[in-house]
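The values are calculated or read from the model by the stated rules, or taken from the named source; none is laboratory data. Keep in mind it's a predicted model, so treat the numbers as computed, not measured. All Cβ positions, glycine included, derive from the backbone under ideal geometry; neighbour counts span all protein chains shown. Side chains included, ligands, DNA and RNA excluded: accessible areas come from the protein's heavy atoms. Shrake-Rupley method; radii C 1.70, N 1.55, O 1.52, S 1.80 Å.
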Amino acid sequence: MPVAAAETALRLDCRVAWAETLESLAEADERIVVVVNDSVGSSNLGGFKQKFPDRTINVGIAEQNMVGVAAGLANGGRVPFVSAASCFLTARAMEQLKADVAYAGFNVKLVGQSSGIAYGELGATHHSIEDFAWLRALGPITLIAPCDAWETAEAIKWAAAHEGPVYLRLSRMKVPTLDLPGRSFTAGKAELQRPGSDVTLIANGTTVHLALSAAEMLAGEGVSARVLNMHTITPLDTDAVIAAARETGAIVTVEEALDRGGLGGAVAECTSASHPVPVQRVGFPGFMPTGSIESLFKEFGLSPAGIASAARIAMRRKGN
Amino acid sequence: MSHALKTDNSEGLIRDKALWMRRRALQMVFDKQLGHLGGDFSAIDILATLYFGVLRYDPARPDWADRDRFVMSKGHATGALYTALSAAGYFPEDWLDTYMAHHSKLNGHPNRQYLPGVETNTGPLGHGFPVALGIAIAGQITGAGYRTYVLTGDGEQQEGSNWEAAMTAGHRKVKNLTLIIDRNRLQQGAGTEETAGLDPLDDKYRAFGWEVAEISGHDYGQLLDTLGTPVGSREKPLCVIANTVKGKGVSFMENLTKWHHGVPNAEQFAQAMKELV
Ligand SMILES: Cc1ncc(C[n+]2csc(CCOP(=O)(O)OP(=O)(O)O)c2C)c(N)n1
Ligand SMILES: [Mg+2]
C-alpha cells in the first residue's frame with residue numbers, strides 16, 4: 001500500500017532532486033541558465049554555479065530585476081530558471097510576473113524555493129502561502145507543486161521541455177517519496193494515489209503524504225477515502241475533480257497555503273460549476289503567528305487527524 | 001520623559017549596553033538555534049548608540065507623536081533590535097527568552113502589532129527605507145520636530161526600492177531623515193562586491209542629492225557625533241555609511257558569510273561568551 005510506504009520511507013529535502021536534475025538538463029541543453037537573488041546557497045545551486053559559472057546570473061538582492069532579466073534572457077533564446085525563496089519571488093516581483101512573464105508570454109521557469117511555511121519562525125513575511133492564489137490569477141503560468149523528490153525531478157524535466165511560463169513550487173521540508181507502481185508524471189493530470197468511494201482528499205505538495213495517512217485513518221473507521229495528488233493547479237484536471245464529485249460526493253482539499261484562492265478555490269470553482277458537492281478546504285486562514293513548521297501544521301489542521309476530521313464534516317454535509 | 005540624549009558618560013553607557021546586547025542576542029540565538037548573529041553583531045553598536053545617546057523616546061509612551069523614529073530595515077537582525085528595545089525599556093527582559101517560540105511576540109522578523117517600539121514590519125529587504133521616508137515627510141509637512149533614522153544592510157541596498165526612496169528624499173530635501181548603511185561588505189551568500197558591487201556608495205548618494213558621512217560603525221565617538229548632528233545644520237538628507245564587521249566581537253564569527261545565519265553549538269557558544277566581556 002502506498003500509505004505504508006509513505007510512512008516508512010526516508011524523508012528527503014527536494015532541493016537535492018532539484019539541483020541534480022537541473023544540472024543534468026543543463027549538461028544536455030546549453031540554453032539553460034539560472035537567475036538568482038543572492039540565493040545560490042539557499043537554492044542548493046553551488047554545484048551548478050561551479051559547473052556553469054557563465055550561466056549563473058546572480059543579480060543580487062533584487063527580485064524585480066531578477067524576473068525582468070529572466071524575461072529578457074528568454075527573449076535572447078535562453079531558457080532561464082529563476083530560483084529564489086518563493087515569498088520574495090512572487091510577492092516582490094508580482095508585476096514582473098504579470099507583465100513580463102505571463103502577459104508577454106516568455107518562456108521563463110520560476111522556481112519558488114522554501115515555499116509555504118518552510119521558514120516557520122521567521123514569520124509571515126517569509127511564508128509563501130499566498131502564491132497559489134496570486135499565480136492562479138495569472139492564467140498562462142502553469143502552476144505545479146510537486147509532492148516528493150521523484151515528482152520534483154519529473155516536474156523540472158517537464159518544465160524544461162515545455163514551451164511557456166511555469167511556476168514550480170518547491171519545499172525544503174523533508175517529505176517521504178511516495179511509492180506507486182508504474183508512476184508517471186503528466187502536468188495537468190492528477191495522480192490517483194489511492195482509490196476510494198466515500199470522500200476524496202485532494203492534496204498537493206508537502207500535504208499529499210498527510211492526506212494518505214488521513215485516508216488510512218479513515219479506513220480504520222470504515223470510510224473509503226480516495227486520494228488525488230493534484231500537483232498541477234493551473235491547468236486544473238477538471239475531469240478528475242468532477243469524477244471525484246460524482247463518484248464520492250464529498251471533497252476535502254489540502255494545501256500548505258491559504259485556504260482560499262489556491263487548490264481549494266480551484267476545486268470549489270470547478271465543482272460549483274459542474275457538480276456541486278460539499279468541499280472542505282484545509283489550509284491556513286491568513287498571516288500566521290510565530291511558530292515552528294511542525295507546531296503550525298498541527299495547530300491549523302494540516303495533519304492526518306485534521307484532514308480526517310475535515311473529511312467527516314464533508315461527508316456529513318452530503319445531501320444537506 | 002524623553003530618554004537617551006547625549007551626556008558626558010554616553011560612550012561608557014553605550015559600551016555597556018552594547019556588550020549586554022551582544023551577550024543577550026547570542027544567548028537567544030543559541031537557545032533557539034535560529035537567528036542572524038552576523039548581522040546582529042555588525043549593527044549592535046549602531047543601535048546601542050541610537051537608543052542610548054541619540055534618540056528621544058519614552059518607552060512608556062511608544063505612540064508619543066513627537067518621538068524620534070528608528071526603523072530597522074534589515075529586519076532579520078532581530079537579535080540586535082529586540083535586545084535594544086528591551087534595554088531601552090519597551091518590554092521586560094524575560095520576553096527575550098521567548099524569541100521565536102510558539103505564538104511569541106518576538107517573531108523572527110519584527111512586527112509592530114506584536115511589540116511596542118517597532119515602527120514598521122520588516123523582513124523582506126528594501127521596505128524600511130521608503131517607510132522611514134514617509135515618516136520623515138509626514139514630519140516635514142506637519143512641522144513636527146522628530147527625527148527619523150533608518151538602518152539598512154549593505155546587500156539590502158541592491159533592492160531598487162532604496163534608490164527610489166533615495167531619489168525622492170534627495171529631490172524633496174528631506175533633511176530630517178538619516179539613512180545608516182551597515183557596510184559590513186557581506187550579504188547572505190558572498191561579499192557584496194562579488195555579487196552586485198555597490199562601491200562607490202558615497203558618490204551614488206551624493207549624486208542623488210544627499211549629504212554623506214563615512215565613519216566606523218563600531219566607534220561610539222564617531223557614531224555619536226555623526227548621528228547626533230542637528231538637523232538644522234544641513235539642507236539635505238544624511239546618509240551615514242557605517243563601516244562595520246559582520247560578526248563583530250566574536251573572533252571566529254567575524255567577516256565570514258557562514259555566520260550570516262549560522263548558529264553556534266555549545267562549544268562555540270561558550271567560547272563566544274568568553275570573548276564577549
Ligand atoms: C526581498 C528579500 N530578498 C531576500 C531576502 C533574504 N535575505 C535575508 S538577509 C539577506 C542578506 C542581507 O544582506 P545585508 O543587507 O548585507 O545584511 P547584513 O549583512 O547586515 O546581515 C538576504 C538575501 C530577504 N529577506 N528579502
Ligand atoms: Mg551586509
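Among DSSP bridges having both ends in chain A, what percentage is antiparallel? Round to the nearest 5.
Here the antiparallel bridges make up roughly 20 percent for chain A.
With a 10 Å cut-off between alpha carbons and a GNM built on chain B, which of B:Thr148, B:Thr195, B:Thr226 moves the most?
For chain B, modelled as a Gaussian network with Cα springs under 10 Å, the answer is B:Thr195.
In degrees between 0 and 90, to the nearest 10, how far off the longest principal axis of chain B does helix B:37-49 point, with axes built from Cα atoms?
Result, in degrees: 50.
Could you order A:Arg136, A:Arg246 so the one with the most accessible surface comes first? Probe is 1.4 Å.
A:Arg246, A:Arg136
With +1 assigned to the C-beta of every Lys and Arg and -1 to the C-beta of every Asp and Glu, and no other charges, what is the dipole magnitude of chain A about the Cα centre in debye, to the nearest 20?
My answer is approximately 380 debye.
Given a 1.4 Å probe and heavy atoms of the protein chains only, how would you sort A:Asp179, B:Asp8, B:Asp68, largest accessible area at the top?
Sorted by accessible area, descending: B:Asp8, A:Asp179, B:Asp68.
From the phi angles alone, apply the Karplus equation (6.51, -1.76, 1.60; θ = phi - 60°) to region A:269-276 and give each ³J(HN,Hα) in whole Hz, x where the residue is Gly or Pro.
4, 5, 5, 5, 7, 10, 7, x
Ranked by accessible surface with a 1.4 Å probe, highest first, in what order do B:His103, B:His36, B:His171 come?
B:His171, B:His103, B:His36
Using θ = phi - 60° and the Karplus relation 6.51 cos²θ - 1.76 cosθ + 1.60, list the HN-Hα couplings for region B:188-200 in order, rounded to whole Hz, with x at every Gly or Pro.
6, x, 5, x, 5, 6, 8, 9, 7, x, 9, 5, x
Take the cross-link list A:Lys98/B:Lys236; B:Lys204/B:Lys236; B:Lys74/B:Lys204; A:Lys51/A:Lys157; A:Lys51/A:Lys109; B:Lys74/B:Lys173 and give me the ones stretching past 26 Å between alpha-carbons.
Going by Cα-Cα distance, A:Lys98/B:Lys236 fall outside the 26 Å limit.
What is the antiparallel percent of DSSP beta bridges lying wholly in chain B, to the nearest 5?
Of those bridges, close to 5 percent are antiparallel.
Can you give the average number of partner chain beta-carbon atoms within 10 Å of each beta-carbon in peptide A:36-42, as a whole number?
5
With each label point set 7 Å from Cα along the Cα-Cβ vector, what nm distance links B:Asp219 and A:Glu163?
In this crude label model, B:Asp219 to A:Glu163 measures out at 6.2 nm.
What accessible surface, in Å², does a 1.4 Å probe find on A:Ile313, ignoring ligands, DNA and RNA and rounding to the nearest 10?
The accessible area comes out at roughly 60 Å².
Got a number for the accessible area of B:Phe52? Probe 1.4 Å, square angstrom, nearest 10.
Taking all protein chains as shown, B:Phe52 has close to 20 Å².
What size of dipole, in debye to the nearest 20, comes out for the protein assembly as shown about its Cα centre when the only charges are +1 on Lys and Arg C-beta atoms and -1 on Asp and Glu C-beta atoms?
820
Once neighbouring chains are kept in place and the probe is 1.4 Å, which whole percent of the accessible area of region A:188-319 is contributed by carbon and sulfur?
That share works out to 54 percent.
How large are Rg and Dmax for the protein assembly as shown when calculated on the C-alpha trace, in angstrom?
25.6, 81
At 1.4 Å probe size, with the rest of the protein present, what percent of the exposed accessible area of region A:7-176 is carbon and sulfur atoms?
51
Need one word for chain A: rounded, prolate or oblate. Basis is the Cα gyration tensor (sqrt eigenvalues a ≥ b ≥ c); a/c below 1.5 gives rounded, then a/b vs b/c decides.
Prolate shape, in that a/c is at least 1.5 and a/b is the bigger ratio.
Which one of B:Gln33, B:Gly228, B:Thr192 is farthest out on the positive end of the charge dipole of region B:10-275, using unit charges on Cβ (Lys, Arg +1; Asp, Glu -1) and the Cα centre as origin?
B:Gly228
Taking the DSSP beta bridges in the protein assembly as shown as the whole, what percent of them are antiparallel, to the nearest 5?
Once the DSSP bridges in the protein assembly as shown are tallied, antiparallel ones form about 15 percent.
Enter the accessible area per residue of chain B (Å², integer; probe 1.4 Å; all protein chains in place).
On a per-residue basis, 38 Å².
Residues of region B:135-160 with accessible area at least 20 Å² lower in the all-protein-chain context than alone (1.4 Å probe)?
The answer is B:Gln158, B:Glu159.
Chains A and B: how much accessible area gets covered up at their contact, both sides added, probe 1.4 Å, in Å² to the nearest hundred?
Roughly 1900 Å².
Compare B:Glu156, B:Glu267, B:Glu11 in a GNM of chain B, Cα atoms joined below 10 Å, and give the one with the largest fluctuation.
Taking springs between Cα atoms under 10 Å, the residue moving most is B:Glu267.
I want to verify a result. In a Gaussian network model of chain B, Cα cutoff 10 Å, which of these has the top mean-square fluctuation: B:Asn265, B:Asn176, B:Asn121?
Judging by the Gaussian network model, the answer is B:Asn265.
Beyond 30 Å, how much of the Cα-Cα pair distribution for chain B remains, as a whole percent?
Looking at chain B, the distances longer than 30 Å represent 22 percent of pairs.
Averaged over A:53-62, how many beta carbons belonging to a partner chain fall within 10 Å of each residue's beta carbon?
5
Based on alpha-carbon centroids, what's the gap between region A:143-174 and region B:220-236 in Å, whole number please?
Their Cα centres are 52 Å away from one another.
Charges only on Cβ, +1 for Lys and Arg, -1 for Asp and Glu: so what's the dipole of region B:28-151 about the Cα centre, in debye to the nearest 20?
320
Using protein chains only (no ligands, no nucleic acids) and a 1.4 Å probe, work out which residues of region A:97-123 have their accessible area cut by at least 20 Å² relative to the chain alone.
Residues of region A:97-123 that lose at least 20 Å² of accessible area once the other chains are added: A:Glu121, A:Leu122.
Semi-axes, largest first, in whole Å: what does sqrt of 5 times each Cα gyration tensor eigenvalue give for region B:142-214?
Those come to 24, 13, 10 Å.
With the other protein chains left in place, how much accessible area per residue, in square angstrom, belongs to chain A at a 1.4 angstrom probe?
Heavy-atom accessible area per residue stands at 36 Å².
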